[in-house]
Amino acid sequence: MKTLELPDELAQKLELIEGQNPSEKIRNLLRQAAVLGLKECHEAILKYETKYGMHFEMFKTAWEANQIEGKHIHSVERDFMEWEGYTLERGTWLSVLRELKQ
């Protein structure tokens, strides 16, 4: 276990967070951050799924098979990279939530 030092002004603000002790309060803050991160990822992913009419894995498979029209257009390449990033980030936030439940 590590000791964490907080400036007095942060320690006072931590009192606003739900929890019995500082460890529980920080766990709750991390959980809230993960839920917010997941929400942002879901919104971004939905934008791409709506635009291309498929899930990322289907898009990636079609991409690798050269079945995406305009594959090398800058905006399509950017969409692929951003979509992939949000998909990976979503997995990270889900892992954080799983670990916090243990």
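Answer yes or no: is there a residue in the range 1-8 that is part of a helix (DSSP H, G or I) and surrounded by 10 or more Cβ atoms within 10 Å (Cβ to Cβ). Can you show your working first?
First, the residues of the range 1-8 that are part of a helix (DSSP H, G or I): 8.
Next, only the ones that are surrounded by 10 or more Cβ atoms within 10 Å (Cβ to Cβ) stay: none.
Within the range 1-8, none of the residues are part of a helix (DSSP H, G or I) and surrounded by 10 or more Cβ atoms within 10 Å (Cβ to Cβ).
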For this session: Exactly one condition in (1) surrounded by 11 or more Cβ atoms within 10 Å (Cβ to Cβ); (2) at pLDDT below 95 is not met by residue 101; state its number.
Result: (1)
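Can you tell me which residues in the range 10-38 are loosely packed, with under 11 Cβ neighbours inside 10 Å and of a type in the set (Lys, Arg)? Give the steps one after another, and end with the answer.
Taking the range 10-38 first, the residues loosely packed, with under 11 Cβ neighbours inside 10 Å are 10, 12, 15-16, 18, 20-21.
None; the set is empty.
Mind listing just one residue for me: the one in the range 23-39 that is of a type outside the set (A, V, I, L, M) and in contact (Cβ under 8 Å) with a residue 12 or more places away in the chain and, of those, farthest from residue 3 (Cα to Cα)?
First pass over the range 23-39, keeping only residues of a type outside the set (A, V, I, L, M): 23-25, 27-28, 31-32, 37, 39.
Subset that is in contact (Cβ under 8 Å) with a residue 12 or more places away in the chain: 27, 31, 37.
Working: 27: 15, 31: 20, 37: 27 Å.
In this case the residue turns out to be 37.
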Problem set entry | Checklist (1) outside any helix (DSSP H, G or I); (2) under 19 Å from residue 85 (Cβ atoms) applied to residue 16, failing item | (2)
Seminar exercise, completed: Scanning the range 69-93 for residues that are of a type in the set (Asp, Glu), over 12 Å from residue 48 (Cα atoms) and touching a helix residue (DSSP H, G or I) at 6+ places or on another chain (Cβ under 7 Å) gives 89
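Kindly indicate which of 56, 80 is within 17 Å of the chain's Cα centre (by Cα), under 29 Å from residue 101 (Cα atoms), surrounded by 14 or more Cβ atoms within 10 Å (Cβ to Cβ) and among the aromatic types (Phe, Trp, Tyr).
Working: 80 fails: under 29 Å from residue 101 (Cα atoms).
After applying the criteria, what remains is 56.
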For this session: For the range 28-51, state whether one or more residues are under 25 Å from residue 101 (Cα atoms) and over 19 Å from the mean Cα position of the chain (by Cα).
Result: no
Exercise. Are there any pairs, at least 6 apart or on different chains, whose C-beta atoms fall under 8 Å, with the first in the range 69-84 and without any contact (Cβ under 8 Å) to a residue 12 or more places away in the chain and the second assigned to a helix (DSSP H, G or I), and if so, which?
Worked result: 70/76; 71/63; 71/77
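The values are calculated or read from the model by the stated rules, or taken from the named source; none is laboratory data. Predicted model only: the values in this text are computed from it and were never measured. Ideal geometry is used to build each Cβ from the backbone, glycine not excepted, and the neighbour counts take in all protein chains shown.
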